[in-house]
Amino acid sequence: MTDDIVARLRQTHWNGCNCVGCEAADEIERLRAERDEARRGLCYEVAAWVAGFKHSTHEAESRAEAERRGWDCFKEETDGK
């Protein structure tokens, strides 16, 4: 997303820059990852509860629950975001 605040914070900086803007971008990325992990966990638990199996992983149902909530927490993590 070109309008992403992380991209805007980093756009004029180099790799390894430790300015306040880059530190803020690092913190935003960390918090987003933590949020997505929590969302995935909730979706897995809801799917397991619906299926009647506690602590079971049901990938399709979990993804459907995330979609129902409007969350993109199952997006590809290989893009570095």
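Which of (1) out of contact with any helix residue (DSSP H, G or I) (no Cβ under 7 Å at 6 or more places or on another chain); (2) modelled with pLDDT under 85; (3) assigned to a helix (DSSP H, G or I) does Arg68 not meet, given it meets every other one?
The single condition Arg68 does not satisfy is (2).
Could you give every pair whose Cβ atoms fall below 8 Å, whose first residue belongs to segment 34-51 and is farther than 13 Å from Ala66 by Cβ, and whose second residue is in a helix (DSSP H, G or I) and not aromatic (Phe, Trp, Tyr), counting only separations of at least 6 or pairs across chains?
Close Cβ pairs satisfying both conditions: Val50/Glu61; Ala51/Glu61.
Can you confirm whether Ala25 is small (Gly, Ala, Ser), modelled with pLDDT of 85 or more, part of a helix (DSSP H, G or I) and in contact with a Lys or Arg (Cβ under 9 Å, 6 or more places away or on another chain)?
yes
The values are calculated or read from the model by the stated rules, or taken from the named source; none is laboratory data. These numbers come from a predicted model, not from an experiment. Virtual Cβ from ideal backbone geometry, glycine too; neighbours counted across all protein chains shown.
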